[in-house]
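Each remark here refers to the structure printed beneath this line.
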Amino acid sequence: MAKKILVLPGDYIGPEIVAEAVGVLETVDARFNLDLELEYGLLGGAALDKTGVPLPPETLERARAADAILLGAVGGPKWDANERQLRPERGLLGIRSALQLFGNLRPAILYPQLAGASSLKPEVVSGLDILIVRELTGGIYFGEPRGVRTRSDGEREGFNTYVYRESEIRRIGHLAFSLARQRNRRVCSVDKANVLEVTVLWREIMDEVGSQYPDVELSHMYVDNAAMQLVRAPKQFDVLVTGNMFGDILSDAAAMLTGSIGMLPSASLDGDGRGMYEPCHGSAPDIAGRGQANPLATILSVAMMLRYTLGSPDAAAAVERAVSSVLDAGLRTPDIHAAPGQRLVSTKEMGAAVMAALQS
Ligand code: IPM
Ligand code: MG
(Lines give C-alpha, C1' and ligand atoms only; values in the text may rest on other atoms or scores of the structure.)
(Ligands and ions follow the chains in the order given, each with its own letter.)
Protein backbone atom coordinates (compact mmCIF):
# COMPACT_ATOMS: atom_id res chain seq x y z
CA MET A 1 0.00 0.00 0.00
CA ALA A 2 1.23 3.48 -0.83
CA LYS A 3 2.72 5.44 2.05
CA LYS A 4 1.25 8.90 2.46
CA ILE A 5 3.57 11.86 2.95
CA LEU A 6 2.09 15.24 3.83
CA VAL A 7 4.31 18.11 2.73
CA LEU A 8 3.99 21.41 4.61
CA PRO A 9 6.34 23.95 3.01
CA GLY A 10 5.57 26.76 5.48
CA ASP A 11 7.01 30.26 5.30
CA TYR A 12 9.89 32.32 3.85
CA ILE A 13 12.69 29.88 2.92
CA GLY A 14 10.40 26.92 3.78
CA PRO A 15 9.06 26.39 0.23
CA GLU A 16 12.56 26.79 -1.30
CA ILE A 17 14.22 24.12 0.83
CA VAL A 18 11.21 21.81 0.75
CA ALA A 19 11.20 21.85 -3.06
CA GLU A 20 14.72 20.37 -3.03
CA ALA A 21 13.89 17.83 -0.33
CA VAL A 22 10.81 16.72 -2.27
CA GLY A 23 13.02 16.30 -5.35
CA VAL A 24 15.28 14.05 -3.31
CA LEU A 25 12.32 12.12 -1.93
CA GLU A 26 10.95 11.54 -5.43
CA THR A 27 14.38 10.43 -6.63
CA VAL A 28 14.72 7.81 -3.88
CA ASP A 29 11.10 6.80 -4.33
CA ALA A 30 11.87 5.91 -7.96
CA ARG A 31 15.19 4.26 -7.19
CA PHE A 32 14.05 2.17 -4.23
CA ASN A 33 10.42 1.56 -5.32
CA LEU A 34 9.00 3.02 -2.14
CA ASP A 35 5.48 3.68 -3.47
CA LEU A 36 5.09 7.11 -1.87
CA GLU A 37 2.11 9.38 -2.32
CA LEU A 38 2.77 13.06 -1.69
CA GLU A 39 0.19 15.68 -0.85
CA TYR A 40 0.53 19.29 0.23
CA GLY A 41 -0.95 21.31 3.08
CA LEU A 42 -0.82 24.68 4.80
CA LEU A 43 0.79 25.43 8.15
CA GLY A 44 2.01 28.55 9.93
CA GLY A 45 1.98 31.95 8.27
CA ALA A 46 1.02 30.46 4.91
CA ALA A 47 -2.07 28.99 6.56
CA LEU A 48 -2.84 32.24 8.41
CA ASP A 49 -2.79 34.19 5.16
CA LYS A 50 -5.08 31.77 3.34
CA THR A 51 -7.40 30.53 6.09
CA GLY A 52 -7.00 32.87 9.09
CA VAL A 53 -5.62 30.20 11.42
CA PRO A 54 -2.10 28.75 11.75
CA LEU A 55 -3.28 25.11 11.85
CA PRO A 56 -6.37 24.65 9.66
CA PRO A 57 -8.55 21.62 10.55
CA GLU A 58 -7.95 20.26 7.06
CA THR A 59 -4.19 20.20 7.62
CA LEU A 60 -4.63 18.39 10.92
CA GLU A 61 -6.95 15.86 9.31
CA ARG A 62 -4.45 15.14 6.52
CA ALA A 63 -1.63 14.99 9.06
CA ARG A 64 -3.49 12.34 11.05
CA ALA A 65 -3.99 10.30 7.90
CA ALA A 66 -0.36 10.57 6.79
CA ASP A 67 2.45 8.17 7.61
CA ALA A 68 4.96 11.00 7.70
CA ILE A 69 5.05 14.77 7.42
CA LEU A 70 7.78 16.80 5.77
CA LEU A 71 7.86 20.34 7.11
CA GLY A 72 9.91 23.33 5.95
CA ALA A 73 9.82 26.11 8.53
CA VAL A 74 7.19 28.44 9.89
CA GLY A 75 7.05 31.98 11.24
CA GLY A 76 8.42 35.38 10.43
CA PRO A 77 8.14 39.13 11.03
CA LYS A 78 4.94 39.41 9.01
CA TRP A 79 2.97 37.73 11.80
CA ASP A 80 5.10 38.67 14.83
CA ALA A 81 2.58 41.20 16.11
CA ASN A 82 -0.28 38.67 16.03
CA GLU A 83 -1.81 37.61 19.33
CA ARG A 84 -0.43 34.30 20.66
CA GLN A 85 -3.19 32.06 19.25
CA LEU A 86 -2.69 33.54 15.79
CA ARG A 87 1.07 33.19 15.55
CA PRO A 88 2.56 30.74 13.04
CA GLU A 89 4.41 28.94 15.89
CA ARG A 90 1.04 27.96 17.35
CA GLY A 91 0.49 25.87 14.23
CA LEU A 92 3.74 24.02 14.80
CA LEU A 93 3.14 23.50 18.51
CA GLY A 94 -0.46 22.50 17.77
CA ILE A 95 0.47 19.79 15.30
CA ARG A 96 3.21 18.43 17.60
CA SER A 97 0.73 18.23 20.44
CA ALA A 98 -2.30 16.94 18.49
CA LEU A 99 -0.29 14.10 16.98
CA GLN A 100 1.59 13.48 20.26
CA LEU A 101 4.95 13.73 18.55
CA PHE A 102 6.71 13.58 21.88
CA GLY A 103 10.11 12.31 20.81
CA ASN A 104 12.23 14.94 19.10
CA LEU A 105 15.52 13.62 17.73
CA ARG A 106 18.09 16.27 16.93
CA PRO A 107 21.40 14.82 15.84
CA ALA A 108 24.46 17.07 15.83
CA ILE A 109 26.93 15.49 13.46
CA LEU A 110 30.03 17.20 12.18
CA TYR A 111 30.75 16.37 8.57
CA PRO A 112 34.55 16.15 8.36
CA GLN A 113 34.37 18.34 5.24
CA LEU A 114 32.92 21.16 7.39
CA ALA A 115 35.30 21.09 10.37
CA GLY A 116 36.57 24.52 9.37
CA ALA A 117 33.07 26.03 9.45
CA SER A 118 32.58 25.37 13.19
CA SER A 119 33.13 28.24 15.59
CA LEU A 120 35.11 25.82 17.79
CA LYS A 121 38.59 24.48 17.12
CA PRO A 122 38.62 21.49 14.74
CA GLU A 123 40.12 19.18 17.42
CA VAL A 124 37.23 19.94 19.78
CA VAL A 125 34.56 19.04 17.23
CA SER A 126 36.10 16.66 14.71
CA GLY A 127 34.21 13.37 14.72
CA LEU A 128 31.35 14.88 16.70
CA ASP A 129 28.23 12.71 16.65
CA ILE A 130 25.70 13.40 19.37
CA LEU A 131 21.97 12.90 19.51
CA ILE A 132 19.75 15.22 21.50
CA VAL A 133 16.46 13.61 22.44
CA ARG A 134 14.11 16.42 23.40
CA GLU A 135 10.69 15.85 24.96
CA LEU A 136 8.39 17.80 22.64
CA THR A 137 4.80 17.74 23.82
CA GLY A 138 5.03 18.55 27.53
CA GLY A 139 6.92 20.62 30.06
CA ILE A 140 6.71 24.37 30.35
CA TYR A 141 5.73 24.76 26.68
CA PHE A 142 2.32 23.24 27.34
CA GLY A 143 1.85 23.45 31.14
CA GLU A 144 -1.30 25.04 32.53
CA PRO A 145 -2.10 27.46 34.03
CA ARG A 146 -0.34 30.03 31.93
CA GLY A 147 -0.89 33.65 31.05
CA VAL A 148 -0.48 37.24 32.14
CA ARG A 149 -2.63 38.43 35.05
CA THR A 150 -3.02 41.49 37.22
CA ARG A 151 -2.14 41.10 40.88
CA SER A 152 -4.20 42.59 43.68
CA ASP A 153 -1.65 45.41 43.97
CA GLY A 154 -2.33 46.33 40.33
CA GLU A 155 1.00 45.06 38.96
CA ARG A 156 0.87 42.60 36.06
CA GLU A 157 2.71 39.27 36.21
CA GLY A 158 3.36 36.60 33.63
CA PHE A 159 3.32 32.94 34.59
CA ASN A 160 3.85 29.49 33.11
CA THR A 161 3.75 26.04 34.62
CA TYR A 162 6.60 23.57 34.35
CA VAL A 163 4.97 20.19 34.74
CA TYR A 164 5.82 16.61 33.72
CA ARG A 165 3.82 13.48 34.40
CA GLU A 166 5.70 10.28 35.20
CA SER A 167 4.35 8.63 32.06
CA GLU A 168 5.69 11.47 29.89
CA ILE A 169 9.15 11.16 31.42
CA ARG A 170 9.10 7.39 31.10
CA ARG A 171 8.23 7.31 27.41
CA ILE A 172 10.93 9.81 26.40
CA GLY A 173 13.35 7.89 28.63
CA HIS A 174 12.61 4.61 26.86
CA LEU A 175 13.08 6.28 23.49
CA ALA A 176 16.46 7.73 24.52
CA PHE A 177 17.72 4.43 25.94
CA SER A 178 16.61 2.39 22.96
CA LEU A 179 18.31 4.85 20.59
CA ALA A 180 21.48 4.71 22.70
CA ARG A 181 21.50 0.94 22.15
CA GLN A 182 21.93 1.59 18.43
CA ARG A 183 24.82 3.97 19.17
CA ASN A 184 27.48 4.17 21.87
CA ARG A 185 25.26 3.08 24.77
CA ARG A 186 25.57 6.23 26.85
CA VAL A 187 22.69 8.46 27.96
CA CYS A 188 23.16 11.77 29.76
CA SER A 189 19.93 13.10 31.24
CA VAL A 190 19.87 16.88 31.63
CA ASP A 191 17.81 18.52 34.37
CA LYS A 192 17.84 21.23 37.02
CA ALA A 193 17.24 18.91 39.96
CA ASN A 194 19.14 21.21 42.31
CA VAL A 195 16.33 23.77 42.01
CA LEU A 196 13.19 22.43 40.30
CA GLU A 197 11.01 19.69 41.82
CA VAL A 198 9.68 18.66 38.43
CA THR A 199 13.19 17.69 37.41
CA VAL A 200 13.82 15.87 40.70
CA LEU A 201 11.03 13.57 39.52
CA TRP A 202 12.54 13.57 36.02
CA ARG A 203 15.84 12.30 37.47
CA GLU A 204 14.11 9.65 39.59
CA ILE A 205 12.17 8.28 36.60
CA MET A 206 15.25 8.32 34.36
CA ASP A 207 17.05 6.21 36.98
CA GLU A 208 14.12 3.81 37.04
CA VAL A 209 14.00 3.52 33.22
CA GLY A 210 17.79 3.27 33.07
CA SER A 211 17.77 0.26 35.39
CA GLN A 212 15.93 -1.62 32.61
CA TYR A 213 18.84 -0.96 30.24
CA PRO A 214 21.84 -2.30 32.20
CA ASP A 215 23.93 -2.26 29.02
CA VAL A 216 23.49 1.52 28.67
CA GLU A 217 25.41 3.88 30.94
CA LEU A 218 23.30 6.65 32.48
CA SER A 219 24.64 9.92 33.85
CA HIS A 220 22.87 13.09 35.00
CA MET A 221 23.90 16.68 34.44
CA TYR A 222 22.47 20.04 35.42
CA VAL A 223 21.44 22.08 32.42
CA ASP A 224 23.83 24.97 33.07
CA ASN A 225 26.75 22.57 33.22
CA ALA A 226 25.47 20.76 30.12
CA ALA A 227 25.48 24.06 28.21
CA MET A 228 29.07 24.63 29.29
CA GLN A 229 30.19 21.07 28.51
CA LEU A 230 28.61 21.26 25.06
CA VAL A 231 30.94 24.08 24.07
CA ARG A 232 33.91 22.86 26.16
CA ALA A 233 34.10 19.16 25.31
CA PRO A 234 31.07 18.12 23.24
CA LYS A 235 32.50 14.74 22.24
CA GLN A 236 31.93 13.41 25.78
CA PHE A 237 28.23 13.01 24.88
CA ASP A 238 26.46 10.24 23.03
CA VAL A 239 22.71 10.65 23.69
CA LEU A 240 21.45 13.66 25.64
CA VAL A 241 17.86 13.39 26.88
CA THR A 242 16.04 16.39 28.28
CA GLY A 243 12.76 18.27 28.59
CA ASN A 244 11.14 20.55 26.06
CA MET A 245 12.64 23.94 26.92
CA PHE A 246 16.14 22.77 27.88
CA GLY A 247 16.17 20.73 24.68
CA ASP A 248 15.15 23.74 22.61
CA ILE A 249 18.09 25.73 23.94
CA LEU A 250 20.74 23.01 24.02
CA SER A 251 19.92 21.81 20.51
CA ASP A 252 20.59 25.26 19.04
CA ALA A 253 23.94 25.36 20.84
CA ALA A 254 24.79 21.85 19.65
CA ALA A 255 23.79 22.82 16.11
CA MET A 256 26.37 25.56 15.96
CA LEU A 257 29.16 23.12 16.89
CA THR A 258 28.69 21.57 13.49
CA GLY A 259 29.37 24.76 11.59
CA SER A 260 25.87 25.60 10.50
CA ILE A 261 22.37 25.04 11.73
CA GLY A 262 21.66 24.73 8.00
CA MET A 263 22.99 21.16 8.14
CA LEU A 264 20.86 19.73 10.92
CA PRO A 265 17.75 17.60 10.44
CA SER A 266 15.23 16.52 13.03
CA ALA A 267 12.55 13.93 13.58
CA SER A 268 9.54 14.21 15.87
CA LEU A 269 8.09 10.80 16.56
CA ASP A 270 4.95 9.47 18.17
CA GLY A 271 4.79 6.13 19.96
CA ASP A 272 4.06 4.21 16.74
CA GLY A 273 6.97 5.37 14.59
CA ARG A 274 4.97 7.91 12.65
CA GLY A 275 6.65 11.25 12.52
CA MET A 276 7.17 14.78 11.35
CA TYR A 277 10.51 15.63 9.78
CA GLU A 278 11.90 19.13 9.59
CA PRO A 279 15.19 21.02 9.61
CA CYS A 280 16.30 22.36 13.02
CA HIS A 281 16.59 25.87 11.64
CA GLY A 282 13.85 28.45 11.21
CA SER A 283 12.31 30.26 8.25
CA ALA A 284 15.22 32.72 7.79
CA PRO A 285 13.21 35.71 6.47
CA ASP A 286 16.44 37.64 5.84
CA ILE A 287 17.54 35.33 3.03
CA ALA A 288 14.14 34.21 1.70
CA GLY A 289 13.66 34.31 -2.07
CA ARG A 290 17.36 34.70 -2.82
CA GLY A 291 18.31 31.11 -3.42
CA GLN A 292 20.82 31.25 -0.56
CA ALA A 293 19.21 28.82 1.87
CA ASN A 294 20.95 25.55 2.56
CA PRO A 295 18.55 22.70 1.67
CA LEU A 296 20.74 20.00 3.26
CA ALA A 297 19.07 20.02 6.68
CA THR A 298 15.71 19.35 5.02
CA ILE A 299 17.23 16.76 2.70
CA LEU A 300 18.81 15.04 5.70
CA SER A 301 15.38 15.16 7.38
CA VAL A 302 14.15 13.10 4.44
CA ALA A 303 16.88 10.59 5.29
CA MET A 304 15.58 10.43 8.87
CA MET A 305 12.06 9.89 7.51
CA LEU A 306 13.31 6.99 5.39
CA ARG A 307 15.02 5.47 8.41
CA TYR A 308 12.47 6.01 11.19
CA THR A 309 9.08 5.95 9.49
CA LEU A 310 9.42 4.44 6.03
CA GLY A 311 11.55 1.50 7.17
CA SER A 312 14.11 1.98 4.41
CA PRO A 313 17.55 2.30 6.00
CA ASP A 314 19.21 1.63 2.63
CA ALA A 315 17.51 4.60 1.04
CA ALA A 316 18.35 6.72 4.12
CA ALA A 317 22.01 5.79 3.86
CA ALA A 318 21.98 6.54 0.13
CA VAL A 319 20.70 10.08 0.79
CA GLU A 320 23.31 10.62 3.49
CA ARG A 321 26.06 9.38 1.18
CA ALA A 322 24.82 11.67 -1.58
CA VAL A 323 25.00 14.67 0.78
CA SER A 324 28.49 13.70 1.83
CA SER A 325 29.60 13.36 -1.78
CA VAL A 326 28.39 16.84 -2.78
CA LEU A 327 30.31 18.23 0.21
CA ASP A 328 33.36 16.25 -0.93
CA ALA A 329 32.94 17.83 -4.34
CA GLY A 330 33.29 21.24 -2.66
CA LEU A 331 29.74 22.51 -3.14
CA ARG A 332 28.76 25.04 -0.47
CA THR A 333 25.79 27.29 0.21
CA PRO A 334 26.80 30.62 1.81
CA ASP A 335 26.23 29.43 5.41
CA ILE A 336 28.94 26.75 5.09
CA HIS A 337 31.22 28.55 2.68
CA ALA A 338 34.60 28.92 4.34
CA ALA A 339 37.55 28.13 2.14
CA PRO A 340 38.78 29.08 -1.31
CA GLY A 341 38.55 26.24 -3.81
CA GLN A 342 34.97 25.52 -2.82
CA ARG A 343 32.09 26.25 -5.14
CA LEU A 344 29.43 28.62 -3.84
CA VAL A 345 26.07 27.28 -5.01
CA SER A 346 22.40 28.20 -4.76
CA THR A 347 19.66 26.28 -2.97
CA LYS A 348 18.56 24.73 -6.28
CA GLU A 349 22.08 23.83 -7.40
CA MET A 350 22.73 22.10 -4.09
CA GLY A 351 19.47 20.15 -4.34
CA ALA A 352 20.15 19.18 -7.95
CA ALA A 353 23.64 17.98 -7.04
CA VAL A 354 22.27 15.70 -4.32
CA MET A 355 19.67 14.29 -6.72
CA ALA A 356 22.35 13.70 -9.35
CA ALA A 357 24.59 11.96 -6.79
CA LEU A 358 21.65 9.72 -5.88
CA GLN A 359 21.19 8.67 -9.49
CA SER A 360 24.82 7.89 -10.15
C1 IPM B 1 12.22 24.63 17.58
C2 IPM B 1 11.66 26.03 17.52
C3 IPM B 1 10.25 26.01 18.07
C4 IPM B 1 10.34 25.56 19.52
C5 IPM B 1 9.50 27.35 17.95
C6 IPM B 1 9.46 27.85 16.53
C7 IPM B 1 8.11 27.27 18.53
O8 IPM B 1 12.50 26.90 18.20
O9 IPM B 1 11.63 23.73 16.94
O10 IPM B 1 13.24 24.44 18.24
O11 IPM B 1 10.60 26.38 20.42
O12 IPM B 1 10.14 24.38 19.78
MG1 MG C 1 14.35 26.05 18.84
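The values are calculated or read from the model by the stated rules, or taken from the named source; none is laboratory data. From a predicted model like this one, the values you see are computed outputs, not experimental measurements. Methodologically, a virtual Cβ is constructed for each residue, glycine included, from the backbone with ideal geometry; neighbour enumeration extends over all protein chains shown.
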*Return yes or no: is ASP252 closer than 26 Å to MET305 by Cα and either without any contact (Cβ under 8 Å) to a residue 60 or more places away in the chain or basic (Lys, Arg) (or both)?*
yes
*Residue list for segment 321-351, restricted to those being surrounded by 18 or more Cβ atoms within 10 Å (Cβ to Cβ) and either among the hydroxyl-bearing types (Ser, Thr, Tyr) or part of a helix (DSSP H, G or I) (or both)*: ALA322, VAL323, VAL326, LEU327, THR333, ASP335, ILE336, THR347, MET350, GLY351
*So which residues in segment 283-312 are in contact (Cβ under 8 Å) with a residue 40 or more places away in the chain and not in a loop (DSSP other than H, G, I, E, B)?*
PRO285, ILE287, LEU296, ALA297, THR298, ILE299, SER301, VAL302, MET304, MET305, LEU306, TYR308
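Results for (1) over 30 Å from LEU175 (Cβ atoms); (2) of a type outside the set (A, V, I, L, M), shown as yes or no for each residue.
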residue	(1), (2)
ALA284	no, no
GLY289	yes, yes
ALA297	no, no
VAL302	no, no
MET305	no, no
ALA315	no, no
VAL323	no, no
ALA339	yes, no
SER346	yes, yes
*So which of LEU55, LEU99 is away from ligand 2 (no atom under 16 Å from the Cβ) and buried (at least 23 other Cβ atoms within 10 Å of the Cβ)?*
LEU55
*asked:* Are there strands (runs of 3 or more DSSP E) fully within segment 3-121 with at least 3 residues that are in contact with a Phe, Trp or Tyr (Cβ under 8 Å, 6 or more places away or on another chain) and more than 30 Å from VAL231 (Cβ to Cβ)? List them.
replied: 3-10, 68-73
*Can you find even one residue in segment 131-153 that is in contact with a Pro (Cβ under 9 Å, 6 or more places away or on another chain) and modelled with pLDDT of 95 or more?*
yes
_I'd like the full set of residues that are within 12 Å of ligand 1 (Cβ to nearest atom) and touching a Gly at 6+ places or on another chain (Cβ under 8 Å), limited to segment 230-251._
GLY243, ASN244, MET245
*Residues of segment 211-248 satisfying the condition of being part of a helix (DSSP H, G or I) and surrounded by 16 or more Cβ atoms within 10 Å (Cβ to Cβ)*: VAL223, ALA226, ALA227, GLN229, LEU230, PRO234, ASN244, MET245, PHE246, GLY247, ASP248
*Residue by residue through segment 137-184, note down the ones that are assigned to a loop (DSSP other than H, G, I, E, B), within 21 Å of GLY273 (Cα to Cα) and touching a strand residue (DSSP E or B) at 6+ places or on another chain (Cβ under 8 Å).*
ARG183
*Of everything in segment 252-282 that's under 17 Å from VAL124 (Cα atoms) and assigned to a helix (DSSP H, G or I), which residue is nearest to ligand 1 (Cβ to nearest atom)?*
ALA255
*Can you find a residue in segment 36-53 that is in contact with a helix residue (DSSP H, G or I) (Cβ under 8 Å, 6 or more places away or on another chain) and within 19 Å of ALA315 (Cβ to Cβ)?*
yes
*over 21 Å from ALA233 (Cα atoms) and out of contact with any His (no Cβ under 9 Å at 6 or more places or on another chain): does that describe PRO145?*
yes
*Are there any pairs, at least 6 apart or on different chains, whose C-beta atoms fall under 9 Å, with the first in segment 165-180 and at pLDDT 95 or above and the second among the small types (Gly, Ala, Ser) and in a helix (DSSP H, G or I), and if so, which?*
GLU168/GLY139; GLY173/GLY210; PHE177/GLY210
*asked:* Tell me yes or no: at least one residue of segment 57-72 is free of Cβ contacts under 8 Å to residues at least 60 places away in the same chain, out of contact with any Gly (no Cβ under 8 Å at 6 or more places or on another chain), assigned by TED's automatic domain parsing to the domain that holds GLY10 and among the hydrophobic types (A, V, I, L, M, F, W, C).
replied: no
*Which numbered condition trips up VAL302, out of (1) modelled with pLDDT of 95 or more; (2) surrounded by fewer than 24 Cβ atoms within 10 Å (Cβ to Cβ)?*
(2)
